[in-house]
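Structure, as structure tokens:
The values are calculated or read from the model by the stated rules, or taken from the named source; none is laboratory data. None of these values were measured; they are calculated from a predicted model. Every residue, glycine as well, gets a Cβ built from its backbone with ideal geometry; the counts of neighbours run over all protein chains shown.
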Amino acid sequence: MTHAAEDVEMRLDAVRAAQQVWLQTSLRERLRLVRRLRARLAQAAVELAETVPLELPGSLHRTLADTLVAEVLPLAEACRFLEREAAYILASRRESTSARPLWLSGVEVEVTRQPLGVVLILAAANYPLLLPGVQALQALTAGNAVQWKPAPGCSAPARALRRMLLECGLDPLLLEVVDEDVEAASALIQAGVDKVILTGGENTGHAVMRECAEKLTPSVMELSGCDAVFVTEGADLSRVVEAIAFGLRLNGSATCMAPRRIFVTTSVADALLAKLKSALAQLPPVPVPLRTLDLVSELLDDARQLGAAIVCGGIEGDTVRPLLLARATPDMKAVQTDVFAPMISMMQTSDEGEALGLYARCPYALTAAVFGSARAAERLALRIRAGVVIINDLIVPTADPRVSFGGIGRSGFGRTRGREGLLEMTSARAVVRQRSKSLLAYRPTTDAHIAFFEAIARTLHGRGLRTRLEGLRETIKAAQKLGR
């Protein structure tokens, strides 16, 4: 063990001691702190927003107003959600006795939620305040302590939110912002945090999961997306175009649920293509880092070789002007890759079945959007394999704090935000009460019990009334023999 590892473990011991005190605090008292924070957010919204970088390589490209509406306001809404819903979500639940086995008639079951202990949050750079901020608040509300590792260049908003929480009365040990480097996260995992919440790319997910596996540390992996838009015959094409253009330009296209694939019904494909071409041509180019430019170039070369047509956009110096590819096919890398660049590919389909089949050939399944008549869109949405499906919109509704967020497949597992996100910060504890005074279950069994147990099985689980009545008669006979 290195001296550094010893230091981390000693610090974690102090954090655990503080968490043990915190978990004894009533939920009502914890939520009072959340309420005070919400008021503080309203008072200092611009001040907090100004701590978020407006530009980071390959990530943020936004205005102060963007940060206010995309990060600060949703964070305040997440506070109010907790104030209103946390008590209900975290309440203990008594299981119905209707499913209780007859032979366990004295047993009562209650399921309670207990905090995990110390939660490590590994934050991403594209939304460095909202995403880890909500996760931290949910962890604290559930009774945990938090270690928050910001993405490189993103410590300022993390430390600003922490200062606000301390001003509201939080014990400093309950929320610590650690170094931005990977080694800080690794040291904490090795020291034995109780859960890891990662927002990041697929490759990062693999690396973190390997470390978690060594300690059997549970985790939530909110990973990459290559998200799809389904456009059916009844769709409002003007709305579809506005939504896609918004999704491509939002945050410099550095949004995990930005639209990357379009599956459009053949009957409206030409009209949609024309409208999209016109709308995307008006969008400004987006600066991207060199590694992303190289990836976009590789994706374009592959798409051309496989027959795709570049309708508009392209690489311009160190920027990417929003790209629209037509005649895309599911074997193209462009529809199989997560990329933080304004790039979208269109595929025509004859019906829902074909669209779903093509969609399923991509391993990512974070979010999907469906545009069409209410009934048709609802029907299709329920057939889509994804963590979140949005009907007649994209991205924006996920700012609703009620929405539980997360993916399937290579987009990760587990949920953050909403009801499910709060429950992720707890573990279920079954409290089982035995009201019966009988000691029969403790007695040793003999061969004579075989007929008795077999008869009970037929009585309780046999098919048909006749079989069960026969089982009951056999149970009585067997019981009489045992009693002799």
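Across the stretch 20-54, which residue is surrounded by the most Cβ atoms within 10 Å (Cβ to Cβ) among those that are in contact (Cβ under 8 Å) with a residue 12 or more places away in the chain and outside any helix (DSSP H, G or I)?
Per the criteria, the residue is VAL52.
In the list LYS477, LYS481, which residue meets the criterion of being more than 19 Å from LEU102 (Cβ to Cβ), free of Cβ contacts under 8 Å to residues at least 40 places away in the same chain and not in a loop (DSSP other than H, G, I, E, B)?
LYS481
Restricting the search to the stretch 152-174, which residues are of a type in the set (A, V, I, L, M), closer than 20 Å to SER186 by Cα and in contact (Cβ under 8 Å) with a residue 60 or more places away in the chain?
LEU173, LEU174
For the stretch 239-248, does any single residue satisfy the condition of being of a type in the set (Asp, Glu), assigned by the TED database to the domain that holds LEU56, assigned to a helix (DSSP H, G or I) and out of contact with any Phe, Trp or Tyr (no Cβ under 6 Å at 6 or more places or on another chain)?
Taking every residue of the stretch 239-248 in turn, none turns out to be of a type in the set (Asp, Glu), assigned by the TED database to the domain that holds LEU56, assigned to a helix (DSSP H, G or I) and out of contact with any Phe, Trp or Tyr (no Cβ under 6 Å at 6 or more places or on another chain).
Of (1) outside the structural domain of GLU202 (by the TED database); (2) touching a residue at least 40 places away in the same chain (Cβ under 8 Å); (3) under 15 Å from the mean Cα position of the chain (by Cα), GLY387 satisfies all except one. Which?
(2)
Pairs needed: first member in the stretch 319-342, outside the structural domain of THR266 (by the TED database); second member anywhere, polar (S, T, N, Q); C-beta distance under 9 Å; at least 6 residues apart or different chains.
Final answer for the pair search is none.
Determine whether the stretch 296-315 contains at least one residue that is under 30 Å from THR416 (Cβ atoms), surrounded by fewer than 20 Cβ atoms within 10 Å (Cβ to Cβ) and at pLDDT 95 or above.
Applying the first criterion (under 30 Å from THR416 (Cβ atoms)) to the stretch 296-315 yields 296, 299.
Now restrict to residues that are surrounded by fewer than 20 Cβ atoms within 10 Å (Cβ to Cβ): none.
No; the residues of the stretch 296-315 include none that is under 30 Å from THR416 (Cβ atoms), surrounded by fewer than 20 Cβ atoms within 10 Å (Cβ to Cβ) and at pLDDT 95 or above.
Could you go through the stretch 271-278 and let me know if any residue there is in the same structural domain as ASN392 (by the TED database), among the hydrophobic types (A, V, I, L, M, F, W, C) and within 21 Å of GLU316 (Cα to Cα). Even if it seems obvious, please write down each step before you answer.
Step one: filter the stretch 271-278 for residues in the same structural domain as ASN392 (by the TED database), giving 271-278.
Filter once more, so that each one left must be among the hydrophobic types (A, V, I, L, M, F, W, C): 271-274, 276.
Then keep just the ones that are within 21 Å of GLU316 (Cα to Cα); that gives 276.
Taking every residue of the stretch 271-278 in turn, at least one turns out to be in the same structural domain as ASN392 (by the TED database), among the hydrophobic types (A, V, I, L, M, F, W, C) and within 21 Å of GLU316 (Cα to Cα).
Can you name the number of the only condition in (1) surrounded by fewer than 22 Cβ atoms within 10 Å (Cβ to Cβ); (2) out of contact with any Asp or Glu (no Cβ under 9 Å at 6 or more places or on another chain); (3) outside any loop (DSSP other than H, G, I, E, B) that LEU324 fails?
(1)
Please note which strands (runs of 3 or more DSSP E) are completely contained in the stretch 331-439 and include at least 3 residues that are under 28 Å from ASN203 (Cα atoms).
In the stretch 331-439, 343-349, 367-371, 388-391 are the strands (runs of 3 or more DSSP E) which contain 3 or more residues that are under 28 Å from ASN203 (Cα atoms).
Let me confirm something: among LEU394, LEU423, which residue is modelled with pLDDT of 95 or more, outside the structural domain of ILE262 (by the TED database) and of a type in the set (A, V, I, L, M)?
Working: LEU394 fails: outside the structural domain of ILE262 (by the TED database).
After ruling out the rest, the residue left standing is LEU423.
Which of (1) in contact with a helix residue (DSSP H, G or I) (Cβ under 6 Å, 6 or more places away or on another chain); (2) modelled with pLDDT of 95 or more is the odd one out, the single condition GLY58 does not satisfy?
Going through (1) in contact with a helix residue (DSSP H, G or I) (Cβ under 6 Å, 6 or more places away or on another chain); (2) modelled with pLDDT of 95 or more one by one, GLY58 breaks only (2).
Looking at LEU23, is it under 14 Å from GLU83 (Cβ atoms), in the same structural domain as CYS168 (by the TED database) and not basic (Lys, Arg)?
No: the conditions fail for LEU23.
Check whether at least one residue in the stretch 81-94 is touching a strand residue (DSSP E or B) at 6+ places or on another chain (Cβ under 9 Å), in a helix (DSSP H, G or I) and within 13 Å of THR141 (Cβ to Cβ), and report yes or no.
In the first step, residues of the stretch 81-94 are kept if they are touching a strand residue (DSSP E or B) at 6+ places or on another chain (Cβ under 9 Å); the result is 89-94.
The next check asks that each one be in a helix (DSSP H, G or I); those that pass are 89.
Subset that is within 13 Å of THR141 (Cβ to Cβ): 89.
The answer is yes; a qualifying residue exists.
Kindly indicate which of MET257, MET221, MET209 is assigned to a loop (DSSP other than H, G, I, E, B) and within 20 Å of ALA123 (Cα to Cα).
Only one candidate qualifies: MET257.
Looking at ALA399, is it closer than 30 Å to ALA228 by Cβ, among the small types (Gly, Ala, Ser) and surrounded by 20 or more Cβ atoms within 10 Å (Cβ to Cβ)?
On the way: closer than 30 Å to ALA228 by Cβ: yes; among the small types (Gly, Ala, Ser): yes; surrounded by 20 or more Cβ atoms within 10 Å (Cβ to Cβ): no.
No: the conditions fail for ALA399.
Return the pairs, sorted by first residue and then second, in which the second residue is surrounded by 14 or more Cβ atoms within 10 Å (Cβ to Cβ) and part of a loop (DSSP other than H, G, I, E, B), the first residue lies in the stretch 101-128 and is assigned by the TED database to the domain that holds ALA156 and without any contact (Cβ under 8 Å) to a residue 60 or more places away in the chain, the beta carbons are less than 7 Å apart, and the residues are 6+ apart or on different chains.
Correct list of pairs: empty, since none qualify.
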